[in-house]
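Below you will find the structure I want to go over with you.
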Amino acid sequence: MENIPILLQHSGEWDDNHNFINFHVDAILIKTCRKFEQLLREIAKQLQKDSNTIVIQYVIAQEYPPITICSNMSVSVYMELKKSSAGMTTLPLCVSFAKNTIVASTSSFDVATTSLEIVQFESTNMISTFDLQEADDTSIELDDANIITDQFHQKVEKGQIYKDKNLLALVMTQYAVREKCQYRVLPSTQFLHLVIDGQTRNVVRLHEKNCTCGRFQLDDIPCQHVMAVIQKFHMDSYKYCSDYYSIDYLLKTYEVPVNLLPDETKWQIPEHVSSQVVLPPKGKIIPGRPKKKRGIGGWKGNTITCALCVRKGHNRRTCRNILKRV
């Protein structure tokens, strides 16, 4: 396991153009196989901060919104991108700190929450984006035992209190994907996206027309995971369909003229073909009434056994094994 030096930009803030400004600089060494909890613990130890207040993000390109590292999969994606880039200053981690104020408000899910990142659901059952909405926050004092701190919390009910806004946004994201069977798109690069389908994760490579589910390569038509990416970024879906499905290729099928056969009396048959006499195949007609119904294929029932040679498949009347012995 090799160590990767990672630049930390902490104690800053995001501006309207998705730029991390007014930050301090630090650095850590992280092993490539680190999990999210280990990465969070190492950063908290280096910066001497509470791990529950740390939010880890990074930007893949200009004008792109920051990607939040919140699970083992997101850590693995970041490590792969970091290993493929040269230099310590590329893909720095932007570390910000959330406030520990417990707040409560009303939401569309009837849970006691703050302003959160709620998905605007479309008729196509796709998760499009998570936009932060402003609301009036009310600080309250509660017992720590009643405060939800697990981002993978499964049971969402009315009257629940969450630790902060970021945790609530993560729980609502998992809830929407789990309960409504919708897709969550996490972009890694311009052409590489991770699509979460409930508990299944699929990697979509648009430039290669490839999806790990296999339907995109098999049908040459965007599968449901590719369509989730296309609709999220408002791209043209016809661009990723095979040309063989287009009207132009259908018309090309009938470009070549097909000549009709003339009347049989006008056929010009070569002599070496017309001189050949085609006879029916030689065969022996078995005595008895011919079958009127087709036999059932693959039927496994009682097989007839011959009483003379004790072999299966025939009876004593049609047995030929005795004659061979004589």
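The values are calculated or read from the model by the stated rules, or taken from the named source; none is laboratory data. Being a predicted model, the structure only gives us computed values, none of them experimental. All Cβ positions, glycine included, derive from the backbone under ideal geometry; neighbour counts span all protein chains shown. Keep in mind that these areas ignore ligands, DNA and RNA; they rest on the heavy atoms of the full protein, side chains included. Shrake-Rupley method; radii C 1.70, N 1.55, O 1.52, S 1.80 Å.
Would you check if residue 283 is at positive phi and part of a loop (DSSP other than H, G, I, E, B)?
Working: at positive phi: no; part of a loop (DSSP other than H, G, I, E, B): yes.
Taking the combined requirement at face value, the residue does not satisfy it.
A follow-up question, please. State whether one or more residues within the range 244-257 are in contact with an Asp or Glu (Cβ under 9 Å, 6 or more places away or on another chain) and surrounded by 15 or more Cβ atoms within 10 Å (Cβ to Cβ). Talk me through it step by step, then tell me what you get.
Initial filter on the range 244-257 (in contact with an Asp or Glu (Cβ under 9 Å, 6 or more places away or on another chain)): 244-245, 249.
From what is left, the residues that are surrounded by 15 or more Cβ atoms within 10 Å (Cβ to Cβ) are none.
No; the residues of the range 244-257 include none that is in contact with an Asp or Glu (Cβ under 9 Å, 6 or more places away or on another chain) and surrounded by 15 or more Cβ atoms within 10 Å (Cβ to Cβ).
Give the residue that is modelled with the highest pLDDT, with candidates limited to residues of the range 151-193 that are among the β-branched types (Val, Ile, Thr) and either under 21 Å from residue 231 (Cα atoms) or in the same structural domain as residue 69 (by the TED database) (or both).
Taking the range 151-193 and keeping what is among the β-branched types (Val, Ile, Thr), we get 156, 161, 171, 173, 177, 185, 189.
From what's left, either under 21 Å from residue 231 (Cα atoms) or in the same structural domain as residue 69 (by the TED database) (or both): 173, 177, 185, 189.
On the way: 173: 71, 177: 60, 185: 88, 189: 83.
Going through the qualifying residues, I end up with 185.
Quick test for you: out of 118, 60, 54, 69, pick the one residue that is hydrophobic (A, V, I, L, M, F, W, C) and either touching a Cys at 6+ places or on another chain (Cβ under 7 Å) or modelled with pLDDT under 80 (or both). Full working, then the answer.
Values: 60 fails: either touching a Cys at 6+ places or on another chain (Cβ under 7 Å) or modelled with pLDDT under 80 (or both); 54 fails: either touching a Cys at 6+ places or on another chain (Cβ under 7 Å) or modelled with pLDDT under 80 (or both); 69 fails: either touching a Cys at 6+ places or on another chain (Cβ under 7 Å) or modelled with pLDDT under 80 (or both).
After ruling out the rest, the residue left standing is 118.
Something else: Just give me the residues in the range 68-79 being part of a helix (DSSP H, G or I) and free of Cβ contacts under 8 Å to residues at least 40 places away in the same chain, in sequence order. Step through it out loud before you land on a result.
Restricting attention to the range 68-79, the residues satisfying the condition of being part of a helix (DSSP H, G or I) are 72-79.
Within the range 68-79, 72, 76, 78 qualify.
For every residue, the table says whether it meets (1) of a type in the set (S, T, N, Q); (2) touching a residue at least 24 places away in the same chain (Cβ under 8 Å); (3) over 25 Å from residue 164 (Cβ atoms); (4) open to solvent by 70 Å² or more (accessible area, probe 1.4 Å).
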site	(1), (2), (3), (4)
51	yes, no, no, no
55	no, yes, no, no
65	no, yes, no, yes
84	yes, no, yes, yes
89	yes, yes, yes, yes
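Something else about it: Assess whether residue 275 counts as being more than 58 Å from the chain's Cα centre (by Cα) and of a type in the set (S, T, N, Q). Even if it seems obvious, please write down each step before you answer.
Details: more than 58 Å from the chain's Cα centre (by Cα): yes; of a type in the set (S, T, N, Q): yes.
Considered against the rule, which asks whether it is more than 58 Å from the chain's Cα centre (by Cα) and of a type in the set (S, T, N, Q), residue 275 comes out as yes.
Only one of these is loosely packed, with under 12 Cβ neighbours inside 10 Å and farther than 21 Å from residue 184 by Cβ: 47, 8, 29. Name it. Steps first, please.
Numbers: 47 fails: loosely packed, with under 12 Cβ neighbours inside 10 Å; 8 fails: loosely packed, with under 12 Cβ neighbours inside 10 Å.
Of the residues listed, the single one that is loosely packed, with under 12 Cβ neighbours inside 10 Å and farther than 21 Å from residue 184 by Cβ is 29.
When both residues are 6+ apart or on different chains and their Cβ atoms are under 7 Å apart, which pairs have a first residue that lies in the range 149-164 and is free of Cβ contacts under 8 Å to residues at least 40 places away in the same chain, and a second that is open to solvent by 40 Å² or more (accessible area, probe 1.4 Å)?
152/174
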